[in-house]
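The values are calculated or read from the model by the stated rules, or taken from the named source; none is laboratory data. Note that the structure is predicted; figures quoted are calculated from it, not measured. Glycine also receives a Cβ, built like all others from the backbone with ideal geometry; neighbour counts cover every protein chain displayed.
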Amino acid sequence: MNRHKNGGIRRWAAVFLAGTMLLLPAACAGRNENQNLLPSKEVDGRVVNFFSPMEKIDPDAENVARTASDLTVAMAEERLGVTVAYSTYTAENYRDKTYDDVALDRARSNMDDLYLLNPDTILTLGAEGKLRDLSGLDSAKNLREIIKTANTVDGKLVAIPQEVVAYGLFVNADMFRQYGLELPETPEEFLECCRVFKENGIETPVGANRWWLETFVFAQAYADLYNGGNTEAEIAALNSGEARYSDYMRPGFEFLQKLMDRGYIDAEKAAVSEAIEAEGPDFLAQKTPIVMAYWGAANSETAYGKPDFDMQVIGFPSSRGQMPVMPMTGFAVGADAEHAEDAMRVLDVITSDEALQLYSQTNRVISPSKNVSVDCVPALRPLNGRIEEGIYVLGSNAGMNVEQWGNTCQIVRQLLGGATVDECMAAFDRLQDAALGLS
Amino acid sequence: MKETADKRERRRGVSLLLSIVLIFCIFGTIVYMVAQKTSQEMASAAIQSLSESLDLIQCTIEAILNSEAEFQALIAQETARAEDPEDFILSASSNRTIVKLSLIPAGRTQSISNNGEVFTAEGLDFSAGGTVRGMPVSRSYLNYMGTWSYTIKCPVERDGQELGTLYIEYVYDSIDRALPSDGFYNKQASLYIMDAESQRFVLKPKGMGQRNAGHLNLDDFYRANNIQDPGIRAEVEQCLGEGRNLLFYHDIRSVNALNYMWSVNGGTVFLVGYVPVEAIQQEGRTVNQNIAIVVAVMLAAFFLCVILYYFNWRQQEKLRREREQERRLHSRQLSEALRAAQVASESKTTFLSNMSHDIRTPMNAVLGFTTLLSRDAEDPAKVREYTNKITASGQHLLSLINDILDVSKIESGKVVLTYEEFTLNDVVSSVDAIIQPMARAKGQEFHVEVTGLRHEYLVGDETRLNQILINLLSNAVKYTPAGGHICLRIIGLKQRSNQYEHIRIEVEDDGYGMTPEYLKTIFDAFTRAENSTTNKVQGTGLGMAITKSIVELMGGTIDVTSEVDKGSLFRVELELRIQEGQADRRFWEAHGISRILAVDEDAQSRETVRTLMEDTGVQVDAAARVEQALEPVRGGAFQLVLLGWSGPGSDSLRAVEALREALPGGTPILLLAEHDAQGLEKVRESGPIEMLTKPFFVSALREKVVRLWADADMADSAKAAYAGSLEGLRFLAAEDNEINAEILAELLELEGASCEIVENGRLAVERFQRSEQGEFDAVLMDVQMPVMNGHDAARAIRALPREDAGRIPIIAMTANAFAEDEKAALDAGMDAHVPKPLDVELLKKVVRQCVEGKEKR
């Protein structure tokens, strides 16, 4: 027995020594001095330049949406062997060129291959013929009809999104409960809530920025148009000039006017505020009970992903109850882009069902592909419920001859800047007339 | 003393431990110092390395700016030379570096750029005062292409007269193209180009963008990288103002990094970014890792050595302990052996003294009475008395010698059991025949009981079984005073296997009993109960040892319980193989017996009959009283009636009469009675009746049936043979010892037989060869003889070409009295074996059997 044990130790010692003997020459092996010492480098010139917004970030914060998007881009890079080089921009302040302005400039100057564009920019560039038709892509076949409709300009599908962006009201349900308030369904109820908050010492019940107040307008303007069962005819009437955009827009503008007049919105501050940057801290600090934001903000730590209170995301008040507003952002490829073909391939991968599944799972958003569905976070359930019911308004529609998202935003800014509702309506009329070729 | 040694040992252990700790401390300090030094050197090397890289980039950018400025000076000269400077500008085309050329003639505020757009200098901010080669550089801005750009202006002069100002817009993208596409430090470094005036980041690393956020401006950079230290920020501000370079350590996302602000072109542009220290110190990390590996390997080797030493020590310790244990075991075994030897020696001494006493006592009697015999030879009465006493003493001496020989044989393992078929009936009868007279002589009552037995035809060593029973019973007789009771019980226990009969033999007496101390040694050889009472009894003290050895040899057990003055009970349990086919149904069928009646008041007796007859195929009807079975008896249902005798005062007599009356003629009644049953005379007087001794055995019944059914003539001749002696027989005896020969001749003569003695085997063979056929009735053959021994002689006789050579009875007569001697004799062709000293009764019995058997053949 003992001898056996001794034998075992001896055997191990022998193996150890033999291993050492083998390793010694390997460790002492010299390097060959007569060769090119540079490691051979693979030359891969295929680059796709991708222009996208830059987000100002906090240290160590995790942006789920960005992570999700990056995962799909990494998938494309791996599949296609290309490098996606990001160019980013964001405005430093309201005096700076907006992202949309820069996107327009860059697309018109063919600076990049792939663009992430807001709805108005999509329509503008689409109309100028600066974007490629994407309807031939495999991924385009999986898109929901509403996405195709909203992004088709002159019969060309010019953009494909990775998520359906839905805007809603982010409310602090704890504060509503605190003051015995129900979540508002109609504009009147909303005003009543604001009154109660204001009376209870909340100076500005609604946190706003210079971008997203237009969502209130869309909800009230198009609640009936999109949910009344006569959508196509009403749009046709607008396009032909029989109906006036200003008539649709007026109630929303008047509503905004009331909010401003009654001090429920700080118009001056809003006019120079960037999205989330200005109103976000107050909302998270529970000083402001209501803000407006897009779906993904509820998932992202950089926005409202981790509130300390019961946050609910509901639709905007309208005659038909809470109304989600859905503009269509999307990826587009420059018509004369230097690497247009590679950009198309990248887009095909990042909007494929597989990539969208990954994106939606990571980000928990509504997917544009009819084949992908994912559970949303609890806060988004009220909003999601309405969308599932098919009740929402579009913030942009390529079928309308007046671009909605960008123009409305601009006109709301005019309102914030002191223009009257009538002046704002006149602006809409001018736009419509221009579209009809009357001026 | 021992305590002091322990303390010293402990102190030595502590100082050894302290020494090891000290060595480790010194070792650790050295390693730490080396690591520190390496780390410091690496840090300064890292700073050096990063500075060089940044210098390189700085020079590259400055070279580009200078080239652009030189180019612009050239264009300005060309424009001045042109006839129409504005036309010249408009005709210039843009490229990837110069995206817009504009000339504002002196005295005007706007003009047309080469791209056809209206150009004014209003949007351009030259207030910061930055220059390249003396030409003012504007603050960076986003141009019409949506990309960051800057404009350099210079005057267009002809002959000292200023024609206007030339504005050329350059994009940062051209600088970007000049920078290494892979970044530096293996893409781990981040590099931004910041416009010093606006603090906007105008060039960002490609491929970062969304993935690593990118930064908008210096504030964003601070926030994103959590640079909140006011000291650092103030220092940065100062550097920006002075156009100085700055390097500082700051963790970026928990990674130690070198952050930099590197002035380019006198501070109009800054390189901003950070490099993880690890990325710069890749080789340093490797060095550190290697140091760590070396230290770890050394420590591992050290601990391995310690472990090996420990295992070795433990093994040595184990071996030492094992040896110690072995030594202790040996010494214990030696002392035990010594004690055993002493005990053995003592008991042998005791034995020898006992033997001396026991042998001398009968020998004294023999010699004494021989002396008396020679003196009183004339007085026949005294002669008879003396010879009787001499015989008794001789018998005792013989049994003593037999026992001693038996013990020595058993102890040397030479005893072999001889397995033969036998019936318990024979065993019980022979034991009964021996013990009954002994008991009667001592005025004791001896009973035999058999219960629960299923089979009586068994296989085993009958002789040894007899020996067991006789040893136990003769002991009981010896140690029971007159008037005592001795009982032999044979009890059939539950069978463990259907091939073996499991029996318990109980020998119980109400004699002197034994002390608990003696009970412990009763089965040891050479021990004997020593007290005043038992000293009256003669014995070798070997009987119990022999009995136990035989029982164990048979695979059985023996135990004893005893109480002084109350008696003893010996219990032997044995398993004996059942004979195959012993039932022999054909025997009963052949004798026409299919149903018998057993009448006995004792239920156990009835049960015994029924159990034992189970395999015979004979139906047994049992009844406690004869009246219960009279009806079928009259009907002639039974071929045989067994009637238990319960004494003269009982109903047995009437029962016999009732049966005689009821039974059809010729149906025999067998009276089952104890050996010494009283009142049987009356039954015999009342008419013929057959007896069967209790306990009941099938074999005994069979013999009885054979006798009853047999031919009358046969019965008569058998009777004669049983009753007869050796009268008229003539023997040929081979015996080399003269005295023995004489004794033999005398004894046979006394029995009325004649004998011719020859001196060895050869002579016996020759004499037999010469003899007439039928001249001798049997040959008595000694075994150990000169010339030719008994075995060879028997073989030779059997081989003779005579008709009677094969059947003449040859009886071995030898002092070789063991079972194997008997077997050897039978193997040699002899018919029987009679041990010496010669027992005339035994000889008669054997001769009778042989002669009778041969005659039957």
Against the definition (surrounded by fewer than 12 Cβ atoms within 10 Å (Cβ to Cβ), over 44 Å from the mean Cα position of the chain (by Cα), away from chain A (no Cβ under 14 Å) and modelled with pLDDT under 90), how does B:Glu278 come out, yes or no?
no
Which ones in region B:6-43 are polar (S, T, N, Q) and modelled with pLDDT of 85 or more?
B:Ser15, B:Ser19, B:Thr29
Options A:Gln257, A:Gln361, A:Gln286, A:Gln357; residue that is surrounded by fewer than 21 Cβ atoms within 10 Å (Cβ to Cβ), in a loop (DSSP other than H, G, I, E, B) and of a type outside the set (A, V, I, L, M, F, W, C)
A:Gln286
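Among the candidates A:Glu268, A:Glu274, A:Glu279, single out the residue that is over 24 Å from the mean Cα position of the chain (by Cα) and either acidic (Asp, Glu) or crowded, with 21+ Cβ neighbours inside 10 Å (or both).
Values: A:Glu274 fails: over 24 Å from the mean Cα position of the chain (by Cα); A:Glu279 fails: over 24 Å from the mean Cα position of the chain (by Cα).
Every option except A:Glu268 fails the conditions.
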Kindly evaluate B:Asn388 against the criterion of being surrounded by 15 or more Cβ atoms within 10 Å (Cβ to Cβ) and part of a helix (DSSP H, G or I).
no
Criterion (more than 24 Å from the chain's Cα centre (by Cα) and over 30 Å from A:Ala173 (Cβ atoms)) met by exactly one of A:Thr204, A:Thr231, A:Thr186:
A:Thr231
Could you tell me which residue of region B:822-850 is surrounded by the fewest Cβ atoms within 10 Å (Cβ to Cβ), considering only residues that are among the small types (Gly, Ala, Ser) and part of a helix (DSSP H, G or I)?
B:Ala824
Please state which of the following conditions A:Ala76 fails to meet, knowing it meets all the rest: (1) modelled with pLDDT of 85 or more; (2) within 30 Å of B:Tyr141 (Cα to Cα).
(2)
Contact list, first residue from region B:128-146 and within 8 Å of another protein chain (Cβ to nearest Cβ) and surrounded by fewer than 19 Cβ atoms within 10 Å (Cβ to Cβ), second anywhere and assigned to a loop (DSSP other than H, G, I, E, B) and among the hydroxyl-bearing types (Ser, Thr, Tyr), beta-carbon distance below 6 Å, six or more apart or interchain, is none
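Quick check on my filter: what residues within region A:399-419 are part of a loop (DSSP other than H, G, I, E, B) and either under 26 Å from A:Ala355 (Cα atoms) or without any contact (Cβ under 8 Å) to a residue 24 or more places away in the chain (or both)? Walk me through how you get there before you give the answer.
So in region A:399-419, the residues part of a loop (DSSP other than H, G, I, E, B) come out as A:399-404, A:417-419.
Result: A:Gly418, A:Ala419.
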Just for helices (runs of 4 or more DSSP H) wholly inside region A:62-158: which have at least 2 residues that are in contact with a Phe, Trp or Tyr (Cβ under 8 Å, 6 or more places away or on another chain) and closer than 23 Å to A:Gly395 by Cβ?
A:64-80, A:99-108, A:119-127
With respect to A:Gly129, determine if the residue is of a type in the set (Gly, Ala, Ser), within 27 Å of A:Arg381 (Cα to Cα) and away from chain B (no Cβ under 14 Å).
no
Six or more apart or on different chains, Cβ atoms under 6 Å: show the pairs whose first residue is in region B:83-95 and without any contact (Cβ under 8 Å) to a residue 24 or more places away in the chain and assigned by TED's automatic domain parsing to the domain that holds B:Glu162 and whose second is of a type outside the set (A, V, I, L, M, F, W, C) and part of a loop (DSSP other than H, G, I, E, B).
B:Ala92/B:Asn114
Every listed condition ((1) in contact (Cβ under 8 Å) with a residue 60 or more places away in the chain; (2) of a type outside the set (Lys, Arg); (3) part of a loop (DSSP other than H, G, I, E, B)) holds for B:Asp615 save (3)
Residue check, B:Glu283 of a type in the set (Asp, Glu) and over 30 Å from B:Asn217 (Cα atoms):
yes
Quick one: A:Gly305 ticks every box in (1) assigned to a loop (DSSP other than H, G, I, E, B); (2) surrounded by fewer than 19 Cβ atoms within 10 Å (Cβ to Cβ); (3) under 25 Å from the mean Cα position of the chain (by Cα); (4) of a type outside the set (D, E, K, R) bar one, so which box is it?
(2)
Can you confirm whether region B:408-426 contains a residue that is closer than 30 Å to B:Lys566 by Cβ and in contact with a Leu (Cβ under 6 Å, 6 or more places away or on another chain)?
no
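I'd like to check something: does region B:647-665 contain any residue that is of a type in the set (A, V, I, L, M, F, W, C) and within 30 Å of B:Leu493 (Cβ to Cβ)? Write out each step before concluding.
Here is the first cut: in region B:647-665, the residues of a type in the set (A, V, I, L, M, F, W, C) are B:653, B:655-656, B:658-659, B:662-663.
From what's left, within 30 Å of B:Leu493 (Cβ to Cβ): none.
No.
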Looking at (1) more than 19 Å from B:Leu708 (Cβ to Cβ); (2) exposed (fewer than 14 other Cβ atoms within 10 Å of the Cβ); (3) at pLDDT below 80, which is the only condition B:Gln582 fails?
(2)
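So, in region A:88-100, of the ones that are polar (S, T, N, Q) and more than 7 Å from chain B (Cβ to nearest Cβ), which residue ends up nearest to A:Ala270 (Cα to Cα)?
Applying the first criterion (polar (S, T, N, Q)) to region A:88-100 yields A:88, A:90, A:93, A:98.
If we keep only those that are more than 7 Å from chain B (Cβ to nearest Cβ) as well, we get A:93, A:98.
Values: A:Asn93: 12, A:Thr98: 15 Å.
Result: A:Asn93.
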Quick test for you: out of A:Tyr167, A:Tyr226, pick the one residue that is crowded, with 22+ Cβ neighbours inside 10 Å, of a type in the set (Ser, Thr, Tyr), modelled with pLDDT under 95 and closer than 20 Å to A:Ala298 by Cβ.
A:Tyr167
Considering only region B:554-570, state which residues are in a strand (DSSP E or B) and either surrounded by 17 or more Cβ atoms within 10 Å (Cβ to Cβ) or outside the structural domain of B:Leu424 (by TED's automatic domain parsing) (or both).
B:Ile558, B:Val560, B:Ser562, B:Gly567, B:Ser568, B:Leu569, B:Phe570
The correct count of residues that are under 26 Å from B:Thr608 (Cα atoms) and outside any helix (DSSP H, G or I) in region B:667-687 is 13
Go over the candidates B:Val14, B:Val31 one by one and state the one that is touching a residue at least 24 places away in the same chain (Cβ under 8 Å) and surrounded by fewer than 16 Cβ atoms within 10 Å (Cβ to Cβ).
B:Val31
